[in-house]
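The values are calculated or read from the model by the stated rules, or taken from the named source; none is laboratory data. Every value quoted in this text rests on a predicted model; they were computed, and no experiment measured them. Every residue, glycine among them, receives a Cβ derived from its backbone with ideal geometry; neighbour counts consider all protein chains shown. Just so you know, the surface numbers come from the protein's heavy atoms only, side chains and all, with ligands and any DNA or RNA stripped out. Shrake-Rupley method; radii C 1.70, N 1.55, O 1.52, S 1.80 Å.
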Amino acid sequence: MKYFQVAQGVWGMRIYLVNVFMIANRRGAARGWVLVDAGIKGAASKIIAMAEALFGPGTKPAAIILTHGHPDHTGALPELLKYWDVPVYAHHMELPYLTGRSSYPPADPEVGGGLMSLMSWIWRTKPLNISRNVREIDLYDGIPELPEWKVVHTPGHTPGHISLFFPLNTTLIAGDAFTTTEAESALSVLTYHKKVSGPPKYFTTDWIAAAKSVRKLAALQPRIAATGHGGVMRGKELSAGLNLLANRFESIAVPQSGRYVGHGAVADENGVRYIPPYTGTLKRNAAVAAAATILGFLLVRKAAKVWG
Ligand SMILES: [Zn+2]
Ligand SMILES: [Zn+2]
């Protein structure tokens, strides 16, 4: 188990190409720490081991905060909640996907590839239901278990996607609002090449909102950014990359064509309301998706051996 430091009081760990984060809370009623995102199914024991290494045996987070509800960020949640019965905070627009009310729109197979094709293995057909633990984030007051951090609504990748920002040292946890690796490039994934990139294309269902969200985050001028996929970025490397992405989002991040390009999926408080019709050539894409999935799987197995 290898974890890394993001900033003072913030640590992260990559579990099969998806990061989870732990933040120590320095003030507030509930001193202690929170977990941000919960990795893929099967990651619970690694998350618990990291927590115990950082905070001591038998430790338990004050809360779990979700940047969004995708299965690569919530896969281990049902197992973790058996062990840690704590509140799970999410934006109200994300609640339908966490309370069994709605499934996410289908992935866009035309823009898949790289590590994202692997996700088709773990993509849930049934929505997650953690109603007993889930709490809506109060956007005005923030999260009581993490009072010093600001919650920023950054929709686009998903309707209720949030990012977390610590103004004192301008640390940003951006979830999948943007990434620091080209998630669709198998080579980038394998070599862990760092580059400020858009949200993972395969599962992003509103590109217009996604562009606005990246501009909102760039305006915060973070000096440290940790994302759901890719390594931590800092200083000039981050500001140059993030400003470029914000200024030229349409050419850098948005796919040239795809199911959600031009007209995104529409969602409200009850979940998905409209999904654009699929107009791609299904036969070719099915073959490409299958090939990409196999390639992705092999690469991840190889990567797992290299990095343990
Ligand atoms: Zn995601
Ligand atoms: Zn993700």
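Here are some notes:
- Candidate set: the range 39-60, residues that are touching a helix residue (DSSP H, G or I) at 6+ places or on another chain (Cβ under 9 Å) and either open to solvent by 10 Å² or more (accessible area, probe 1.4 Å) or in contact (Cβ under 8 Å) with a residue 60 or more places away in the chain (or both); chosen: the one farthest from ligand 2 (Cβ to nearest atom): Gly58
- Single unsatisfied condition, Thr227 versus (1) in contact (Cβ under 8 Å) with a residue 60 or more places away in the chain; (2) among the β-branched types (Val, Ile, Thr); (3) surrounded by fewer than 17 Cβ atoms within 10 Å (Cβ to Cβ): (3)
- Any hit, the range 40-49, residues being out of contact with any Cys (no Cβ under 6 Å at 6 or more places or on another chain), farther than 30 Å from Ser188 by Cα and of a type outside the set (Val, Ile, Thr): no
- Every listed requirement among (1) surrounded by fewer than 24 Cβ atoms within 10 Å (Cβ to Cβ); (2) more than 18 Å from His229 (Cα to Cα); (3) modelled with pLDDT of 95 or more is met by Pro159 save one, (1).
- Lys46 being at pLDDT 95 or above, basic (Lys, Arg) and farther than 26 Å from Ser103 by Cβ: yes
- Only one of Asp176, Asp206 that is in contact (Cβ under 8 Å) with a residue 24 or more places away in the chain, within 14 Å of ligand 1 (Cβ to nearest atom) and surrounded by fewer than 24 Cβ atoms within 10 Å (Cβ to Cβ): Asp206
- Restricted to the range 3-55, the set of strands (runs of 3 or more DSSP E) holding at least 1 residues that are more than 23 Å from Val134 (Cα to Cα) comprises 4-7, 10-15.
- Filter result (within 16 Å of ligand 1 (Cβ to nearest atom) and surrounded by fewer than 24 Cβ atoms within 10 Å (Cβ to Cβ)) within the range 162-172: none
- Some residue of the range 230-243 being within 29 Å of Tyr278 (Cβ to Cβ) and at pLDDT 95 or above: no
- Leu80 vs. criteria farther than 18 Å from Val151 by Cβ, at pLDDT 95 or above and either hydroxyl-bearing (Ser, Thr, Tyr) or in contact with a helix residue (DSSP H, G or I) (Cβ under 8 Å, 6 or more places away or on another chain) (or both): yes
- In the range 182-196, the residues that are surrounded by 24 or more Cβ atoms within 10 Å (Cβ to Cβ) and within 16 Å of ligand 1 (Cβ to nearest atom): Ala183, Val189
- When the range 87-108 is filtered for residues that are open to solvent by less than 10 Å² (accessible area, probe 1.4 Å) and more than 14 Å from ligand 1 (Cβ to nearest atom), the ones remaining, listed by number, are Val88, Pro96.
- All positions within the range 209-224 that are surrounded by fewer than 22 Cβ atoms within 10 Å (Cβ to Cβ) and β-branched (Val, Ile, Thr): Ile224
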